[in-house]
1. Given the conditions (1) at pLDDT 95 or above; (2) assigned to a helix (DSSP H, G or I), and given that residue 88 satisfies all but one, which numbered condition is not satisfied?
2. Looking only at region 68-83, which residues are assigned to a helix (DSSP H, G or I) and charged (D, E, K, R)?
3. For region 28-67, what are the residues that are of a type outside the set (D, E, K, R), part of a loop (DSSP other than H, G, I, E, B) and open to solvent by 40 Å² or more (accessible area, probe 1.4 Å)?
4. Is there a residue being on the phi > 0 side of the Ramachandran plot, surrounded by 14 or more Cβ atoms within 10 Å (Cβ to Cβ) and in contact (Cβ under 8 Å) with a residue 60 or more places away in the chain anywhere in region 130-148?
Amino acid sequence: MKLMFSGCGGAFALSDQFQTNAVVMADDGSRMLLDCGSYAPLALHEQGVMVEHIKALYISHLHADHVGGVEWLALKTYFNPKIERPKLFCDYQLMQDMWDKTLRGGLETLEGKVATLESYFDCHPVHQNKSFMWKDVKFTPVQTIHVLSGYRIMHSFGLIIDAFPDATDDERRELWSWGT
């Protein structure tokens with residue numbers, strides 16, 4: 001497993017800094033995006049990552065620099081029958097909010113049907129204090145307070161990425177990443 005940063009310039013970064021996105025590269029060539037901000041399509045193109053390589057997506061929170069490119073990914077994979085729907089991992093409430101508050105307006109209407117998030121992604125909601133596996137790597141979301149908006153807390157879900165989930169405590173290596 002490798003981790004490739006495809007942007008780390010922050011929310012208001014210029015397009016050549018690509019905001020904040022990363023790619024987990026599995027040994028078999030599959031890739032998981034860690035967030036998919038507005039500039040993710042440009043960043044991925046510049047790094048030679050083709051949309052058909054993207055097999056999964058993790059979303060940390062709903063700011064545009066983390067989800068602004070999700071509609072692009074949904075449409076690119078939906079309208080290409082050779083590409084399987086990417087797996088979508090994120091907090092279960094965040095997943096519902098992403099559809100209702102961010103994606104529904106642009107993705108719900110399709111010719112001949114009313115689409116849902118499941119029309120575009122193989123959804124795997126992650127419940128609080130639970131982990132998920134992808135390509136033999138264990139991912140554990142860590143809830144943090146991102147911002148306080150009025151009286152509402154906006155959470156962000158960082159990740160502990162454990163590429164050695166079967167290792168003993170002495171052998172285990174973990175990497176803290178993401179979610180701000």
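1. Every condition holds for residue 88 apart from (2).
2. Let us first name the residues in region 68-83 that are assigned to a helix (DSSP H, G or I), namely 70-78.
Selection gives 71, 76.
3. 38, 39, 47, 48, 50, 63
4. Yes, region 130-148 contains a residue that is on the phi > 0 side of the Ramachandran plot, surrounded by 14 or more Cβ atoms within 10 Å (Cβ to Cβ) and in contact (Cβ under 8 Å) with a residue 60 or more places away in the chain.
Residue by residue, here is whether (1) under 18 Å from residue 66 (Cβ atoms); (2) at pLDDT 95 or above; (3) of a type outside the set (A, V, I, L, M, F, W, C) holds:
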| position | (1), (2), (3) |
| --- | --- |
| 111 | no, no, yes |
| 116 | no, yes, yes |
| 119 | no, yes, yes |
| 122 | no, yes, yes |
| 125 | yes, yes, yes |
| 129 | no, no, yes |
| 136 | no, no, yes |
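The values are calculated or read from the model by the stated rules, or taken from the named source; none is laboratory data. Since this is a predicted model, take the numbers as computed values, not measurements. Don't worry about glycine lacking a Cβ; one is built from the backbone with ideal geometry, like all the others, and counts go over all protein chains shown. Accessible surface areas use protein heavy atoms only, side chains included; no ligands, DNA or RNA. Shrake-Rupley method; radii C 1.70, N 1.55, O 1.52, S 1.80 Å.
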